[in-house]
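To start, the structure under review is shown below, and the notes come after it.
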Amino acid sequence: MTKTFQGQTAIITGAGIGIGFEVARLLAIRGANIVLNDMDESSAQSAKDHILANGGNCEIVVGNSADLKIIKSLVQKAVDSFGKIDLVVANAGITTFGDFFEYQPESLRQLLDVNLFGSFFLVQEASKVMKEQQTGGSIVLTSSVTGHQAHPFLAAYGMTKAAIEQLAKNLVIDLSPLGININTVAPGATLTERTLEDKDYLSTWSRITPMGKPATVQDIAEAMIFLLSPQARHITGQSLVVDGGWTAVGVSPY
């Protein structure tokens, strides 16, 4: 395996399982030092153990990525443990479904806290360090196809993901002069521990996805890693949709 990220340090939120863990695992294999976050301590520790067992370097910070104290701890852990920050993946997010007419304020507050507040201030805190380092960096935010196309019962969630993409576009102004590029990846249907709890998920999304199947976590992670890589240094403010063609046809699963 080519050590594309040898000696670089990456912060990844929501990385105990799923897409976030796969990003952390692949970056570690390719030479990066990893600082990962998850709310679930056992998931975070298991992810760390896996990376260490395969020859990587990894530290963890357990807690809610929407908490500014946790965000600052992540940044400080990266600097204290590995001396710098080069890569950031603001992956943590939650999904809440609900009929628009019945949707509750508390659900929206939770979405805004994790999906927007947490992402915004992680980028801010990490970028401050990158600015001082004067060595540039790469940032990826996790969006969703629901930020591109209407989807039943996901008005609030889709709104937050569209906002994530606008954040990346807007931060081109602030980050480009520092040599930092920032992009988003918008996954479509993806096979994760959570989605596979639905026994019909694989068959439904295989039927309505033009490529004939939902994405794997590696499909999404490889897209993120490309945008973090030296090959993507001149790409910034963009959203890469990884959905097997679903947004091109937009067939509803309902």
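Here are the numbers for this structure:
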quantity: Hits in segment 136-163 (condition: closer than 20 Å to VAL114 by Cβ, open to solvent by less than 50 Å² (accessible area, probe 1.4 Å) and over 18 Å from the mean Cα position of the chain (by Cα)); calculated: HIS151, LEU154, ALA156
quantity: Number of positions in segment 164-201 that are among the hydroxyl-bearing types (Ser, Thr, Tyr), at pLDDT 95 or above and surrounded by fewer than 18 Cβ atoms within 10 Å (Cβ to Cβ); calculated: 1
quantity: Condition check for LYS161: under 16 Å from THR247 (Cα atoms), of a type in the set (Lys, Arg) and either in contact with a Lys or Arg (Cβ under 8 Å, 6 or more places away or on another chain) or modelled with pLDDT of 95 or more (or both); calculated: yes
quantity: Hits in segment 1-56 - residues which are within 13 Å of ASP86 (Cα to Cα), open to solvent by less than 10 Å² (accessible area, probe 1.4 Å) and not small (Gly, Ala, Ser); calculated: PHE5, THR9, ILE11, ILE12, LEU27, ILE34, VAL35
quantity: Members of segment 124-135 found to be open to solvent by less than 50 Å² (accessible area, probe 1.4 Å) and touching a Leu at 6+ places or on another chain (Cβ under 7 Å), listed by number; calculated: SER127, MET130
quantity: Test: LEU112 is open to solvent by less than 50 Å² (accessible area, probe 1.4 Å), in contact with a helix residue (DSSP H, G or I) (Cβ under 8 Å, 6 or more places away or on another chain) and at pLDDT 95 or above; calculated: no
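The values are calculated or read from the model by the stated rules, or taken from the named source; none is laboratory data. As the structure is a computational prediction, the values presented were derived from the model and not from experiment. Cβ coordinates were reconstructed from backbone atoms using ideal geometry, including for glycine residues, and neighbour counts include every protein chain displayed. Heavy atoms of the whole protein, side chains included, go into the accessibility calculation; ligands, DNA and RNA do not. Shrake-Rupley method; radii C 1.70, N 1.55, O 1.52, S 1.80 Å.
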